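Right, one structure below, let's go through it.
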């Protein structure tokens, strides 16, 4: 921060000669530099949040793909049971297991980030 202040010192001296308090101008310059750092840090945080959001959307897509695969598997089991006269007990067990998998938190649609707001791009 001191280096940044030194860069502005000549400008501060000129402004001071025009009636402004040098210490006041120095404090204002320090505040501006702090704000610039804060803005830079905020932009970094926003970029990180955008990367995390993209990652979550990718994961949600993968979960949806797995849900679709499980639903397809369930239909194929039904078709197999129909065409091969699979025992109702075996069929029921397979469906129960698939239902357990589909109802787990990992595969619950409510656990996907569909409801997350889109972040506005940084300037």
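Is it the case that residue 25 is in a helix (DSSP H, G or I), under 34 Å from the mean Cα position of the chain (by Cα) and either modelled with pLDDT under 90 or surrounded by 11 or more Cβ atoms within 10 Å (Cβ to Cβ) (or both)? So residue 25 fails the test. The residue list 51, 62 contains one member that is part of a helix (DSSP H, G or I), under 25 Å from residue 103 (Cα atoms) and out of contact with any helix residue (DSSP H, G or I) (no Cβ under 6 Å at 6 or more places or on another chain), which is 62. Restricting attention to region 100-123 and to residues that are more than 24 Å from the chain's Cα centre (by Cα) and loosely packed, with under 12 Cβ neighbours inside 10 Å, the residue that is modelled with the highest pLDDT turns out to be 100. Here residue 39 does not qualify as surrounded by 10 or more Cβ atoms within 10 Å (Cβ to Cβ), more than 27 Å from the chain's Cα centre (by Cα), modelled with pLDDT of 80 or more and assigned to a helix (DSSP H, G or I). Looking across region 76-94, the residues that are assigned to a helix (DSSP H, G or I) and loosely packed, with under 10 Cβ neighbours inside 10 Å come down to 83, 84, 88, 89.
The values are calculated or read from the model by the stated rules, or taken from the named source; none is laboratory data. Owing to the predicted nature of the structure, the values given are computational and were not obtained by experimental measurement. Glycine gets a Cβ as well: all are built from the backbone with ideal geometry, and neighbour counts include every protein chain shown.
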